Amino acid sequence: MFERNNVDAQKFWAEREKEKGGKVRFFTFATLIGKSHDAAVNLGGLLYIIDNTVIFEDFEKDNWIYKIMNRKRSYEKTEFDLKVDDIAEIKLVSKNAALNCISGILPDTATKPLGGLTLLFTQKVFQLRLKSGYSLFFEIMNAKEFEESIKS
């Protein structure tokens, strides 16, 4: 659905560009793990950059168990954006450190960036520490490209 040459995708991106007032310069699938000192959420969705703004939005998922049981699940869309200039630090951290930070066990300034062999043997999560005093944690499909896009 989100390939640029797909007609539905082109319509989707044209709507986002019109709504946000700029061109999409990067997009990927991502999972929002959570926000520091909050609850883990694990929301899958799109993470994209338009001009100097990082945007995340999730989409309603089909849940076959609810369909079989004829139950309706209420869906509340999650969408937010933040300015690249509001990001104090971006680093790869372990998923365990991210979950500890989300639950309040670890301050978001105490996470350690992954390096060396730990990059090979650890689940990686991007930490976006914001100047306003909290962090967002994402598993990002195209992590290297995301990091390059954020810096350009």
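Structure notes:
- Number of the condition not met by PHE12 [criteria: (1) farther than 22 Å from SER152 by Cα; (2) hydrophobic (A, V, I, L, M, F, W, C); (3) open to solvent by 20 Å² or more (accessible area, probe 1.4 Å)]: (3)
- Listing of strands (runs of 3 or more DSSP E) fully contained in the stretch 87-142 that carry 2 or more residues being surrounded by fewer than 15 Cβ atoms within 10 Å (Cβ to Cβ): 87-94
The values are calculated or read from the model by the stated rules, or taken from the named source; none is laboratory data. All figures in this text were calculated on a predicted structure; none of them were measured in a lab. Every residue, glycine as well, gets a Cβ built from its backbone with ideal geometry; the counts of neighbours run over all protein chains shown. Surface areas here come from the heavy atoms of the whole protein model, side chains and all, with no ligands, DNA or RNA. Shrake-Rupley method; radii C 1.70, N 1.55, O 1.52, S 1.80 Å.
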